[in-house]
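S.K.: Dropping the structure in here first, questions after.
The values are calculated or read from the model by the stated rules, or taken from the named source; none is laboratory data. All values reported here derive from a predicted model rather than from experimental measurement. Neighbour counts are summed over all protein chains in view; Cβ atoms, including those assigned to glycine, are modelled from backbone coordinates with ideal geometry.
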Amino acid sequence: MQLSVCVIVRNAEKNIARCLEHLRAYDVELVVVDTGSTDCTREIALGYTANVYDFVWCDDFAAARNFAVSKASNNCVMMIDSDEYVETADFENICQFMEQNPNMVGRIQRRNVFTRGRQEQEVTEWINRIFSREKFCYNGRIHEQIVRRDGDDYRTHKLPVIVSHSGYDLPEEERRKKAQRNIRLLEEERKQLETSTDGVDAEKKDGQIPYVLYQLGKSYYMLGDYSKACNYFQMGLSYDLNPKLEYVTDMVETYGYALLNSGQAKTALFFENIYNTFGNSADFQFLMGLIYMNNALYEEAILEFQKAVEHKICRTKGVNSYLAYYNIGVIYECLGEMAAAKKWYKQCGAHSPAEERIRRIEEKGE
């Protein structure tokens, strides 16, 4: 099979074996680039492939990824991270598609699984990962993006690959360090973009800067500094952006959660003004339900949660099912309507917070 899978790693001994083991079943070339590990990462990788290379880290993820791509033997490459692993893939058909469409970039589905507040969460997204190394490369110091080598725009296509990602499921101290590193690199990237006079046209800069601001907001959100996250999301959304871009949708929705988490529920009501643009999804309708709920607009909240469950697809697991039912139950419980609350809690299935609330209601004999 004419596909090379590239991985850049550093001190990834906890994850690299799982990542490479899940690729062992496929007839693909493995390329691993180590950026300065001090643990057993390199030795583990050598157990799966002889194509293990060293790269001197220079605070530039794009440079490391481009180095990895340069070591691939095949023109068609797929990039994967060490904290990801392939669940399912049809690489044979993918290679055929990419051979026929070398000017397109393939998108893969990633399941982000992590725990917050003792509850497992899952968010699904589509990310650009498969491309022709002759036509494309990476650009950006951090949260790097695939760009055409000739600078032109390109089309994408969703391909049959599903990967799981555990990189957000970190201990608090590791999560803090990762966010702080990201913020440092992103601020350097932002400064470089804003002061650049090397021929980058204004339109491209206006496309790159809001993406950096979005990632800064996400990094502060990861730190739990929701007020700063709001500031960066607000700056990012001040640009004229295409609302169909996935990162723009995510920026809007994360901004809404940041407003709620920073005690700005009343301010978040302005999301009513963007409902026509972003409101046709379970994720946005669920968020809108929370905004109304936090403003004691209970009828409006219930309506939004009920709209959310009508969708078959969602990015955040549960917003179109048990999480929506649970919040409706909470509203009825707060209103003292225990029979209605129990009815909605029971629709949550094995969602443990709902089971706990049912138990408490029944203990009170209500």
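S.K.: Pick from L241, L216, L245: which is within 18 Å of Q145 (Cα to Cα) and either touching a His at 6+ places or on another chain (Cβ under 6 Å) or without any contact (Cβ under 8 Å) to a residue 12 or more places away in the chain (or both)?
M.R.: Being within 18 Å of Q145 (Cα to Cα) and either touching a His at 6+ places or on another chain (Cβ under 6 Å) or without any contact (Cβ under 8 Å) to a residue 12 or more places away in the chain (or both) holds for just one of L241, L216, L245, which is L245.
S.K.: Which of (1) surrounded by fewer than 21 Cβ atoms within 10 Å (Cβ to Cβ); (2) of a type outside the set (K, R); (3) farther than 23 Å from S164 by Cβ is the odd one out, the single condition V52 does not satisfy?
M.R.: In the conditions (1) surrounded by fewer than 21 Cβ atoms within 10 Å (Cβ to Cβ); (2) of a type outside the set (K, R); (3) farther than 23 Å from S164 by Cβ, V52 misses (1) alone.
S.K.: Report yes if I108 is β-branched (V, I, T), over 30 Å from E172 (Cα atoms), assigned by TED's automatic domain parsing to the domain that holds D150 and out of contact with any Asp or Glu (no Cβ under 6 Å at 6 or more places or on another chain), otherwise no.
M.R.: no
S.K.: Any residue that is assigned to a helix (DSSP H, G or I), out of contact with any His (no Cβ under 8 Å at 6 or more places or on another chain), of a type outside the set (A, V, I, L, M, F, W, C) and modelled with pLDDT of 95 or more - is there at least one of those in the stretch 128-144?
M.R.: Checked the stretch 128-144: no residue is assigned to a helix (DSSP H, G or I), out of contact with any His (no Cβ under 8 Å at 6 or more places or on another chain), of a type outside the set (A, V, I, L, M, F, W, C) and modelled with pLDDT of 95 or more.
S.K.: Oh, and also: Any residue in the stretch 93-111 that is aliphatic (A, V, I, L, M), within 15 Å of the chain's Cα centre (by Cα) and crowded, with 17+ Cβ neighbours inside 10 Å?
M.R.: yes
S.K.: Continuing with the same structure: Just to be sure before I move on: is V32 touching a Phe, Trp or Tyr at 6+ places or on another chain (Cβ under 8 Å) and either modelled with pLDDT under 95 or more than 18 Å from F136 (Cβ to Cβ) (or both) in the structure I sent?
M.R.: yes
S.K.: Scan the stretch 1-40 for residues that are more than 22 Å from N75 (Cα to Cα), without any contact (Cβ under 8 Å) to a residue 40 or more places away in the chain and either not in a helix (DSSP H, G or I) or not assigned by TED's automatic domain parsing to the domain that holds S70 (or both) and jot them down.
M.R.: Result: N11, E13, K14, T35, G36, S37, T38, D39, C40.
S.K.: Going by the structure shown, is D206 modelled with pLDDT under 95, touching a Phe, Trp or Tyr at 6+ places or on another chain (Cβ under 7 Å) and not assigned by TED's automatic domain parsing to the domain that holds Q109?
M.R.: yes
S.K.: Given G217, G236, G224, G263, which one is under 26 Å from A301 (Cα atoms), modelled with pLDDT of 95 or more and not aromatic (F, W, Y)? I'd like the intermediate steps shown before the answer.
M.R.: Numbers: G217 fails: under 26 Å from A301 (Cα atoms); G236 fails: under 26 Å from A301 (Cα atoms); G224 fails: modelled with pLDDT of 95 or more.
Unique residue meeting the criteria: G263.
S.K.: Taking the criterion of being more than 23 Å from Q208 (Cβ to Cβ), touching a Cys at 6+ places or on another chain (Cβ under 6 Å) and among the hydrophobic types (A, V, I, L, M, F, W, C), would at least one residue in the stretch 49-67 satisfy it?
M.R.: Checked the stretch 49-67: no residue is more than 23 Å from Q208 (Cβ to Cβ), touching a Cys at 6+ places or on another chain (Cβ under 6 Å) and among the hydrophobic types (A, V, I, L, M, F, W, C).
S.K.: Does the stretch 126-133 contain any residue that is among the aliphatic types (A, V, I, L, M) and in contact (Cβ under 8 Å) with a residue 24 or more places away in the chain?
M.R.: Yes, some residue in the stretch 126-133 is among the aliphatic types (A, V, I, L, M) and in contact (Cβ under 8 Å) with a residue 24 or more places away in the chain.
Residues are listed down the side, and each one gets a yes or a no for (1) exposed (fewer than 13 other Cβ atoms within 10 Å of the Cβ); (2) touching a helix residue (DSSP H, G or I) at 6+ places or on another chain (Cβ under 7 Å); (3) of a type in the set (G, A, S); (4) under 25 Å from I80 (Cα atoms):
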| residue | (1), (2), (3), (4) |
| --- | --- |
| R141 | no, yes, no, yes |
| E172 | yes, no, no, yes |
| K191 | yes, no, no, no |
| L213 | no, yes, no, yes |
| L216 | no, yes, no, yes |
| Y226 | no, yes, no, no |
| L241 | no, yes, no, no |
